[in-house]
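Written below as C-alpha cells is the structure these notes are about.
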Amino acid sequence: MLIVGLGNPYCGDDAVGLIVARQVRQALAGCAEAELAELPAAPFEVAERIAGQRRVVLIDALVDEHLPVGDLRRLQASECKGQTAMGMHTAGLADALELGRLAGLAPPGQLTVYGIVIRQPLEFCEELSPELEAALPEIVRRIAQEISAEPERAGP
C-alpha cells in the first residue's frame, strides 16, 4: 500500500495531508505494509507516482466553506477536478489520471481519496490552525481504522 500525503508545509492548514499521512502510516505500523510518499498537490506528479500501484490512499486538504474545519470526507477521484481547463496548473486529480491513462500509465488498482476540510489554504505559516490541530487524532484514527478494515482488491 502507498499512502500519499499532499500539501505544502509552508501554507498552514494546507499541510494537513502531509501530517495526517505520516501519522496514519505510523498508526498502521505492524498492521499493514505501507510506504509513504509526500508530494506537493501537483496532480500530474501524483498521477505519475501512483501509476501501477496495487493500493493507494491519498490524503489532501479540501477547501469547503460549508463544512466544519477538520471534517473528513471520502471522495471519488472523479470528484477531484480542477477549477478550470485553462492550463496544467489548474488540473485536478481526475484530469491527471485521465491524461496518465492516455499516456499509457497504468492506474492504481485501488484508490481511496480522503479530503480534510480547511479554510485558509494559502496562509503562509508552518503550523496548523488550533481547530485543525485538535481534530487530528480523530482524523488519523478514522482513516487508519477504515484502511485496516477495507479488504485489498485485486489490481494491476
How many of the residues making up the stretch 1-14 are out of contact with any Leu (no Cβ under 7 Å at 6 or more places or on another chain) and more than 17 Å from I147 (Cβ to Cβ)? 3
Any chance you could count how many residues in the stretch 61-76 are buried (at least 20 other Cβ atoms within 10 Å of the Cβ), modelled with pLDDT under 90 and not in a strand (DSSP E or B)? 0
Can you name the number of the only condition in (1) in contact with an Asp or Glu (Cβ under 8 Å, 6 or more places away or on another chain); (2) without any contact (Cβ under 8 Å) to a residue 24 or more places away in the chain that G30 fails? (1)
Scanning the stretch 5-26 residue by residue, those buried (at least 23 other Cβ atoms within 10 Å of the Cβ), of a type outside the set (A, V, I, L, M) and not in a helix (DSSP H, G or I) turn out to be G5, G7
Scan the stretch 27-50 residue by residue and report those that are farther than 23 Å from Q145 by Cβ, surrounded by fewer than 16 Cβ atoms within 10 Å (Cβ to Cβ) and aliphatic (A, V, I, L, M). A42
Would you mind stating whether L58 is of a type in the set (A, V, I, L, M) and at pLDDT below 90? no
Of the numbered conditions (1) within 26 Å of S129 (Cα to Cα); (2) of a type in the set (D, E, K, R); (3) touching a Gly at 6+ places or on another chain (Cβ under 7 Å), R25 satisfies every one except a single condition; which is it? (3)
Matching residues, the stretch 27-60, being among the small types (G, A, S) and part of a helix (DSSP H, G or I): A27, A47
Within the stretch 104-120, the residues that are under 21 Å from V63 (Cβ atoms), of a type outside the set (F, W, Y) and either modelled with pLDDT under 90 or within 9 Å of the chain's Cα centre (by Cα) (or both) are T112, V113, G115, I116, R119, Q120
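The values are calculated or read from the model by the stated rules, or taken from the named source; none is laboratory data. In this text, all values refer to a predicted model and were calculated from it rather than measured experimentally. Note that we place each Cβ from the backbone using ideal geometry, even for glycine, and neighbour counts take in every protein chain shown.
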